[in-house]
């Protein structure tokens, strides 16, 4: 076969392949892979206390923002920033412990920060989709889930565990006896039990103290060294959720 004929055959073959591709007649085994599921809308919860005594927890954070321009540096003073609307987006909360749920307040806000002290130079600009909500809590553990939806995205979520603990007990007047002390404290709302901690070192934290679990007020603790100052604190529990330490109480047995 001469070179001219071979060239014509190769050209015809390539043209045939291009025609098949244009007509959509290529073999099924060579189709483009099917599109995968859409990415989940991201949402985040700002760092918050995971143990509170209040009946509600204030939460806030950021969420997916389709159409928001990428965060950027811009030279000059802060410009007028035009952000998209929050139409079609939604942020919600659920306390999976109780089944309660609701909508969070949210919106898109402009942000600009010029690190130079005179306010002129390279400025950081952005549009941020922020949300905030006050979530009701029950005593004990509360599993909170924040969900976000946005056009073109699958639903996304973030979660955290918040413990609602009983109020901190207050000491009543102690009574020192021979090698023992009788301690009493105020009863606190929602408390199911109390833990007592003691040591002979002031300001010792729980890991360095002797723990007496599940005690009631008043409580007499014996077997102590007379004439030696002892230091006590008490905590209230709602189930397994242990509250904050009371003030340290110094008592010296006789």
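The values are calculated or read from the model by the stated rules, or taken from the named source; none is laboratory data. Note that the structure is predicted; figures quoted are calculated from it, not measured. Here the Cβ is made from the backbone with ideal geometry for all residues, glycine too, and neighbour counts use every protein chain on show.
For this structure, a couple of remarks:
- Residue check, residue 151 at pLDDT 95 or above and either more than 20 Å from residue 252 (Cα to Cα) or more than 28 Å from the chain's Cα centre (by Cα) (or both): no
- Residue count, the stretch 118-139 (criterion: assigned to a strand (DSSP E or B) and either at pLDDT 95 or above or closer than 18 Å to residue 88 by Cβ (or both)): 10
- Residue in the stretch 190-199 that is under 30 Å from residue 131 (Cα atoms) and within 31 Å of the chain's Cα centre (by Cα) present: no
- Out of 99, 88, sole residue that is surrounded by fewer than 16 Cβ atoms within 10 Å (Cβ to Cβ), under 17 Å from residue 161 (Cβ atoms) and out of contact with any strand residue (DSSP E or B) (no Cβ under 7 Å at 6 or more places or on another chain): 99
- Given (1) loosely packed, with under 14 Cβ neighbours inside 10 Å; (2) at pLDDT 50 or above, index of the condition residue 28 fails: (2)
- Here residue 166 passes the criteria (1) in a loop (DSSP other than H, G, I, E, B); (2) free of Cβ contacts under 8 Å to residues at least 60 places away in the same chain except the one numbered (2).
- Residues of the stretch 77-116 that are assigned to a loop (DSSP other than H, G, I, E, B) and either under 30 Å from residue 139 (Cβ atoms) or touching a helix residue (DSSP H, G or I) at 6+ places or on another chain (Cβ under 7 Å) (or both): 96, 97, 98, 99, 104.
- Matching entry among 66, 38 (being within 23 Å of the chain's Cα centre (by Cα), in a loop (DSSP other than H, G, I, E, B), farther than 30 Å from residue 142 by Cβ and in contact (Cβ under 8 Å) with a residue 12 or more places away in the chain): 66
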